[in-house]
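Before any comments, here is the structure.
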Amino acid sequence: MGYGRDRELFKTHNGGAFDPLAMAETAIDNNLTFLLHHHRLARIGEQHALYDNMLSLTGYLASINGHLAGILAATDNDYHQQIAEIGQKRFVAHLIQAAANESASEQVRAGALLELKRSSALSGKEAESNAHQLNIVREINNFLADPTSVKVAPAPSLPDGSPIGCGEMH
């Protein structure tokens, strides 16, 4: 009954039905992949070293984290709150990857580690009554205790899209 799932559809977390939260996670992760790529982070650090008026690496990471926290604090809609929580979760996942990436510069790993510790401290204040914040703190603390033990779950991948030259229904 209906159409089967294929490579042109977004991956889901809910067993095959339309999953707008998985789509949001995919979109968020796609953006964070570019914003938090270790080469980009290294260039941000280098630019700040050369030009004082440029944003520092730690300032850049804190700015993204603050923006995500601000979105989460400003929403009173449960659906929007879940999307904001996904954004924080993926941000932490990317920080963990940057801090553990042996190909990244020492400055990038240190900046990611500092932002992880800041995030843990901020989230820790709310972890007693908030499951999302408790999970964030647990992920960060597990990584800080043993960086090799944490395996970051990938976000659902973007669908491939229609084949090139396939302008009609198939």
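The values are calculated or read from the model by the stated rules, or taken from the named source; none is laboratory data. These figures come from a predicted structure and were not determined experimentally. Neighbour counts are summed over all protein chains in view; Cβ atoms, including those assigned to glycine, are modelled from backbone coordinates with ideal geometry. Ligands, DNA and RNA are excluded from the accessible area calculation, which covers all protein heavy atoms including side chains. Shrake-Rupley method; radii C 1.70, N 1.55, O 1.52, S 1.80 Å.
Overview of results
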{"item": "FRET E, pair T75, L50, Förster distance 30 Å, beta-carbon r, rounded to 0.05", "result": "0.20"}
{"item": "Order of exposure, largest accessible area first, which applies to D29, D76 with probe 1.4 Å", "result": "D76, D29"}
{"item": "Per-residue SASA entry for H80, accessible area with 1.4 Å probe, Å² rounded to 10", "result": "100"}
{"item": "Largest to smallest accessible area among R90, R118 [probe 1.4 Å]", "result": "R118, R90"}
{"item": "Accessible area in the full protein assembly, largest first, 1.4 Å probe, for Y51, Y60", "result": "Y51, Y60"}
{"item": "Cα-based shape type of the range 77-116, given that a ≥ b ≥ c are square roots of the gyration tensor eigenvalues and the cut on a/c is 1.5", "result": "prolate"}
